[in-house]
Each structure stands twice: as C-alpha cells, then as structure tokens.
Amino acid sequence: TEDGIDLHASPGEGADVELWVFGSSAGPSAELAGRLGLPFGANYHVSPATTIDAVEAYRAAFRPSRVLREPYVVVSADAVVAEDDAAARELASTFGHWTHSIRSGHGAIPYPDPRRTPPLGEAERAAVEDRLITQFVGAPATVADRLDSLRKVTAADELVVTSVTHDHVDRLRSYELLAREWGLPRLLAA
C-alpha cells in the first residue's frame, strides 16, 4: 500500500484485486471505507434498520483517493423471483428454516425443499423474523419495483442481489427473470 503495508490475498495473490469494505452499520467499517476512499457495500439483507445510517456515515467520512474521486455504494439484498407472486412465495418459503439452521449452528447447506418442509414453529419464526422481512419476493415487476425503491432510498450506485432457493435451477431462473425485467442482456452459461 502507499503506507508501506504489505497486503496478501489468497487465492488472488499477485492479481489486481479491487479492495472493498462491507458493513451493516454506521460503525468502523463505513467510516474506514470512507476515510480510505474505497467503495462501500452496505448489507441490507443483514441489517435493514441500519443500512441508511451506514451509507450516510460512509459518505460523510469519504475522502477522495487514488481509487475513487467520489463515494461508491453497493447495497446487498436477498430476492426470490418467479413468474408470479405465489410461485415466488413458495420458493422462498423455507428461507426461514435455512436461516434458523445457520443461527442454531447447523450450517447453511442443504437449503430445505419447500415441498417437503413443514412451516416454521412460532418460536423459530420469531428467531428469524428480522431476516424474513428483508427478502424481496414476488413476480419480476414486484421485486424490481421494490429493489428500485431500495436503490433510491440508499442512493446506491449498484445493488448486489442474491437468491437463496432449494433448487439451483430456480435460483438461476430468479436471476434470469429479474435481469429480463431490468432489461439486462442474457449471459450464456460458462
């Protein structure tokens, strides 16, 4: 670095790696990214109540650098998109189970199959409600409109969207439907 500090990134050692700072509050991560003039990723899907504060803290602390002349904000969101709202709700119905599994120390994989998983119990649902309310679930236009509202409210330069579903095909379809709604080009699979 320009401060004489050696940085090592594995497995990207020697690559021209772009450094980003991610955070979910207006704390040290947002301020550090701003002071160093680096891009900042605000984790809406982790902490929706603090996202705007995090972005504002980053922008307030921002100092131009060799990397950026102006602040650059990315906001992350979980979204499940299907042909209609009901189908999307079905695909997303076990997100709470998956989140509860992670929080209870059982891990993230495998993601539960909505066709074979009973509804969450009241206590389990209460334990993951904060994550359930952060999901954007529905038909392409529904989700695109809600994500656009998130982008506007946070003044984000970009959104990072993840889709968590049981079947990989459903996840790819979710991305495809959202991309089509946004008018993005279709990319060929590798």
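The values are calculated or read from the model by the stated rules, or taken from the named source; none is laboratory data. Because the structure is predicted, anything quoted here is derived from the model rather than measured. As a convention, Cβ positions derive from the backbone with ideal geometry for all residues, glycine included, and neighbour counts pool all protein chains shown.
If you filter the stretch 88-112 down to residues that are free of Cβ contacts under 8 Å to residues at least 12 places away in the same chain and in a helix (DSSP H, G or I), you find that the one that is surrounded by the most Cβ atoms within 10 Å (Cβ to Cβ) is Ser101.
When each of Asp78, Asp84 is tested for being crowded, with 16+ Cβ neighbours inside 10 Å, acidic (Asp, Glu) and closer than 21 Å to Val143 by Cα, the lone residue that passes is Asp78.
Residues that are more than 27 Å from Glu122 (Cβ to Cβ), out of contact with any Asp or Glu (no Cβ under 7 Å at 6 or more places or on another chain) and of a type outside the set (S, T, N, Q) are absent from the stretch 96-106 altogether. In the stretch 83-111, which residues are touching a Gly at 6+ places or on another chain (Cβ under 8 Å) and small (Gly, Ala, Ser)? Residues satisfying the conditions are Ala88, Ser101. In this structure, Leu178 does satisfy being under 22 Å from Phe22 (Cβ atoms) and part of a helix (DSSP H, G or I). Residue count for the stretch 44-87, restricted to those that are touching a Phe, Trp or Tyr at 6+ places or on another chain (Cβ under 6 Å) and in a helix (DSSP H, G or I): 2. Tell me yes or no: at least one residue of the stretch 26-36 is out of contact with any His (no Cβ under 6 Å at 6 or more places or on another chain), surrounded by 19 or more Cβ atoms within 10 Å (Cβ to Cβ) and under 15 Å from Arg151 (Cβ atoms). For the stretch 26-36, residues out of contact with any His (no Cβ under 6 Å at 6 or more places or on another chain), surrounded by 19 or more Cβ atoms within 10 Å (Cβ to Cβ) and under 15 Å from Arg151 (Cβ atoms): absent.
When Ala30, Ala57 are checked against the criterion of being at pLDDT 85 or above and either under 17 Å from the mean Cα position of the chain (by Cα) or charged (D, E, K, R) (or both), a single residue qualifies: Ala30. The listed residues are Arg186, Arg146, Arg125, Arg115, and the only one of them that is within 28 Å of Ile52 (Cβ to Cβ), free of Cβ contacts under 8 Å to residues at least 24 places away in the same chain and charged (D, E, K, R) turns out to be Arg146.
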